[in-house]
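Just below is one structure, and these are the notes that go with it.
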Amino acid sequence: MRILAIDPGEKNLGIAISDPTGTIANPLTVLKHVSRPLDATAIAQLAADNQAERIIVGQALDEDGQPTPEGRRASRLAEALRAQTSLPIELWDESGSTQAARQARFSMGVSRRKRRGHLDDLAATYILQTYLDQMPASSAARTP
């Protein structure tokens, strides 16, 4: 099952997609933020084009597990997506995704100069991979 993930930001939306087995997350693209309805339409189209069966939206949470202002914005994007597609939409804690993306670039040996710029697609990949890594455990927990 392919899953699409979004790292919603103020300027850009990082998009990642899983492999067909739903095991490995890969960066897909970065969309420029236009408006919530137009962003939702573009994301729904990407999901359809890539045969995704579920969409994960990264949501920032504070130390108490409550959505931050960015997290509330992600929730509104999820609602706009629900109006655009019948696919299941799920919010997922994005804590640490940007730092993990930054560290991944560093670990890959990317030069400091090239490390500048957006990390949105890598952050979306991190969000999706953490979701995929939790899937077997949560599926097993639901199995009697």
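Which of the residues that make up region 56-65 are of a type outside the set (A, V, I, L, M, F, W, C), without any contact (Cβ under 8 Å) to a residue 60 or more places away in the chain and either in a strand (DSSP E or B) or closer than 27 Å to Thr21 by Cα (or both)?
Correct list: Gln59 only.
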For region 70-87, does any single residue satisfy the condition of being in contact with a Leu (Cβ under 9 Å, 6 or more places away or on another chain), within 20 Å of Asp133 (Cβ to Cβ) and free of Cβ contacts under 8 Å to residues at least 40 places away in the same chain? no
Counted residues, region 40-55 - those being surrounded by 14 or more Cβ atoms within 10 Å (Cβ to Cβ) and part of a helix (DSSP H, G or I): 7
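Out of Glu70, Glu10, report the one residue that is of a type outside the set (Gly, Ala, Ser), outside any strand (DSSP E or B) and under 16 Å from Leu119 (Cα atoms).
Details: Glu70 fails: under 16 Å from Leu119 (Cα atoms).
Residue meeting the stated conditions: Glu10.
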Against the definition (more than 23 Å from Lys32 (Cβ to Cβ), at pLDDT below 90 and of a type in the set (S, T, N, Q)), how does Ser97 come out, yes or no? no
Could you say which residue among Ala78, Ala83 is under 21 Å from Tyr126 (Cα atoms) and either part of a helix (DSSP H, G or I) or of a type in the set (Val, Ile, Thr) (or both)? Ala78
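Among the residues of region 21-39, how many are of a type in the set (Gly, Ala, Ser) and either surrounded by 20 or more Cβ atoms within 10 Å (Cβ to Cβ) or closer than 21 Å to Gln129 by Cα (or both)?
Within region 21-39, the subset of a type in the set (Gly, Ala, Ser) is 22, 25, 35.
Going one step further and asking which of them are either surrounded by 20 or more Cβ atoms within 10 Å (Cβ to Cβ) or closer than 21 Å to Gln129 by Cα (or both), we end up with 22, 25.
Residues in region 21-39 being of a type in the set (Gly, Ala, Ser) and either surrounded by 20 or more Cβ atoms within 10 Å (Cβ to Cβ) or closer than 21 Å to Gln129 by Cα (or both): 2 in total.
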Could you please find all residues in region 17-36 being within 16 Å of Leu87 (Cα to Cα) and either part of a helix (DSSP H, G or I) or small (Gly, Ala, Ser) (or both)? Ser18, Gly22
From the option list Ala141, Ala83, single residue qualifying as surrounded by fewer than 19 Cβ atoms within 10 Å (Cβ to Cβ) and either at pLDDT 60 or above or in contact with a Pro (Cβ under 8 Å, 6 or more places away or on another chain) (or both) is Ala83
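The values are calculated or read from the model by the stated rules, or taken from the named source; none is laboratory data. What you see is a predicted model; the values in this text were computed from it and never measured. As a convention, Cβ positions derive from the backbone with ideal geometry for all residues, glycine included, and neighbour counts pool all protein chains shown.
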